[in-house]
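Novice: There's a structure below that I have some questions on.
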Amino acid sequence: MDRIFRYEIPTTIEFGNGAVNFLQNHIAALNGTKALIVTDPGVEKAGVARVVSEVLEKAGIPYEIFNEVEPDPDIEGVMKGKELALEMNCDVILGLGGGSSLDTAKAIGLMLGNKGHIRDYVGINKVPNKGKPVIAIPTTAGTGSELTIWSVLSDKLQKVKLSVGSSFNCPDLALCDPELTLSLPAKVTAATGMDALTHALESYVNKATQPISEGKSLQAMKLINENLRTAVAQGDNKEARYNMLLASLIAAMAFNSTRLGLSHALAMPLGAYFHIPHGTVNAILLPEVMEFNLVGNISKFREIAKLFDMPIEGLSPRDAAYQSVVAVRQLKQDIGIHETLSDFGVTEKDLNLIAEEAMESGNVPVNPRLTSTEDLKNICRAAMGMKG
Ligand SMILES: [Fe+2]
């Protein structure tokens, strides 16, 4: 009650099955004359890039394709994409794919209006100018990058992940077409869905949250609880896919103004050193982080348990809150995420470095429980399957 909060979503949202078929109208509205499609080989192989390029061809809009985005996208890829856009006179950037493609597309757009290297803009609000218009078209339901201020990039030489956060990095339009997610494999659906859940949940319990984000987090968690299992078990279930893309978008609307928590703080170095897919590492960490954080916000964790339909009647507030951890573990099991950090090669001797780097994250100060480096190491130990 004693603080002023801020909520900002500069991105326009267009959402619905078949929404991508009207892409040409949005390009025209942004005064675009030639598009650069930024994507990755997997999206191309699944035929999704073809859907977009056919819409452009029918509308007579020229385009180029930059299809070199890799998982944990490198900063040099951004600079290469920017050069291609300049060389080919592209004036609107279409990000098409999961978080890696969208984060790269956003950063390319940004660099078309700013000097130097993307490395110069790491941090929050370091970018002086708006770049070229960006339309983000997600093909996974998890990242939320289609409307967030963040691009998470890698410096593969230095083995670090770098975050660029700026309202100029928000896409002009999030064009969300759930039909584009129908071909997503079950494993990716599960991991990205858990990323969306981690966004909603970490935003909901953290110290920086505010009433608008809280409402969005609750809505997103409810949709995920009701739809993620079906989306994984039946990839072609249109209703589950629709609701999961909606959930991921709404979760992003929640955390864009609040930051996250310890799962995301640890996910950065663990992703950089061990190349664990972002959704998977969050899924591994989330229940362990929740168990640690429980005492920091018992009433909120109790609310989460309720929302997950856990039997909490007659339980003490603390025991009811713990049921939220049980619920998330159950969800993980149901969608087939059984890995531990050890399965990705993380060992005891790595924990100092991981914990020290995670402590630098802006997600640590907002966490609901005061956290030490040793606490982070203990969370990692639990996520390695080393707990009693
Ligand atoms: Fe995430």
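The values are calculated or read from the model by the stated rules, or taken from the named source; none is laboratory data. Since we're looking at a predicted model, the values are computed, not measured. Note: ideal-geometry Cβ built from the backbone for every residue, glycine included; neighbour counts use all protein chains shown. Each accessible area value is taken on the protein alone, full model and side chains, heavy atoms only, with ligands, DNA and RNA left out. Shrake-Rupley method; radii C 1.70, N 1.55, O 1.52, S 1.80 Å.
Novice: Out of all the residues in region 37-64, which are open to solvent by less than 30 Å² (accessible area, probe 1.4 Å), among the hydrophobic types (A, V, I, L, M, F, W, C) and assigned to a helix (DSSP H, G or I)?
Specialist: Scanning region 37-64 gives Val43, Val48, Ala49, Val52, Val55, Leu56.
Novice: So which residues in region 147-193 are among the aromatic types (Phe, Trp, Tyr) and either within 16 Å of the chain's Cα centre (by Cα) or part of a loop (DSSP other than H, G, I, E, B) (or both)?
Specialist: Listed by number, the list holds a single entry, Trp150.
Novice: Looking at region 177-184, can you tell me whether even one residue there is open to solvent by less than 20 Å² (accessible area, probe 1.4 Å) and within 16 Å of the ligand (Cβ to nearest atom)?
Specialist: no
Novice: In addition: With the structure loaded, tell me whether Glu348 is within 20 Å of Leu376 (Cα to Cα) and charged (D, E, K, R) or whether it fails that test.
Specialist: It is true that Glu348 is within 20 Å of Leu376 (Cα to Cα) and charged (D, E, K, R).
Novice: Within the group Phe308, Phe255, which residue is open to solvent by less than 20 Å² (accessible area, probe 1.4 Å), away from the ligand (no atom under 15 Å from the Cβ) and either not assigned by TED's automatic domain parsing to the domain that holds Ala355 or not acidic (Asp, Glu) (or both)?
Specialist: Only one candidate passes the filter, namely Phe308.
Novice: Right, something else. Identify, please: which residue in region 312-331 is crowded, with 18+ Cβ neighbours inside 10 Å and either of a type in the set (Val, Ile, Thr) or not assigned by TED's automatic domain parsing to the domain that holds Glu291 (or both) and is, among those, farthest from Phe292 (Cα to Cα)?
Specialist: Checking each candidate, the answer is Ile312.
Novice: From Gly131, Gly113, Gly142, Gly98, grab the single residue that is touching a residue at least 40 places away in the same chain (Cβ under 8 Å), among the small types (Gly, Ala, Ser) and over 30 Å from Ala240 (Cα atoms).
Specialist: None of the other options fit; the residue is Gly113.
Novice: Would you confirm, using the coordinates I've provided, whether Val69 is farther than 30 Å from Ala208 by Cα, in contact with a Ser or Thr (Cβ under 8 Å, 6 or more places away or on another chain), more than 16 Å from the ligand (Cβ to nearest atom) and among the hydrophobic types (A, V, I, L, M, F, W, C)?
Specialist: yes
Novice: When you go through Val325, Val281 one by one, which is the residue that is more than 16 Å from the ligand (Cβ to nearest atom) and in contact with a Phe, Trp or Tyr (Cβ under 9 Å, 6 or more places away or on another chain)?
Specialist: Only one candidate passes the filter, namely Val325.
Novice: Please determine, by comparing only the residues of region 259-276 that are within 13 Å of the ligand (Cβ to nearest atom) and not in a helix (DSSP H, G or I), which one is nearest to Asp155 (Cα to Cα).
Specialist: Ile276
Novice: Let me ask something else about it. Just wondering, is there one or more residues in region 213-227 that are under 30 Å from Ile27 (Cα atoms), assigned to a helix (DSSP H, G or I) and open to solvent by 10 Å² or more (accessible area, probe 1.4 Å)?
Specialist: Yes, region 213-227 has at least one match.
Novice: Moving on to the next point. Taking Pro71 as the residue in question, decide whether it is modelled with pLDDT under 95, surrounded by fewer than 17 Cβ atoms within 10 Å (Cβ to Cβ) and in the same structural domain as Thr140 (by TED's automatic domain parsing).
Specialist: Criteria met by Pro71.
Novice: Where residues in region 154-175 are crowded, with 20+ Cβ neighbours inside 10 Å and touching a Pro at 6+ places or on another chain (Cβ under 6 Å), which of them is farthest from Gly362 (Cα to Cα)?
Specialist: Asp172
Novice: Could you check how many residues of region 341-367 are assigned to a loop (DSSP other than H, G, I, E, B), open to solvent by 60 Å² or more (accessible area, probe 1.4 Å) and not charged (D, E, K, R)?
Specialist: 1
Novice: Here is a further query. Between Gly131, Gly144, Gly116, which is on the phi > 0 side of the Ramachandran plot, of a type outside the set (Ser, Thr, Tyr), open to solvent by 10 Å² or more (accessible area, probe 1.4 Å) and assigned to a loop (DSSP other than H, G, I, E, B)?
Specialist: Testing whether each residue is on the phi > 0 side of the Ramachandran plot, of a type outside the set (Ser, Thr, Tyr), open to solvent by 10 Å² or more (accessible area, probe 1.4 Å) and assigned to a loop (DSSP other than H, G, I, E, B) leaves just Gly116.
Novice: For region 89-113, how many residues meet the condition of being within 18 Å of the chain's Cα centre (by Cα) and open to solvent by 10 Å² or more (accessible area, probe 1.4 Å)?
Specialist: 4
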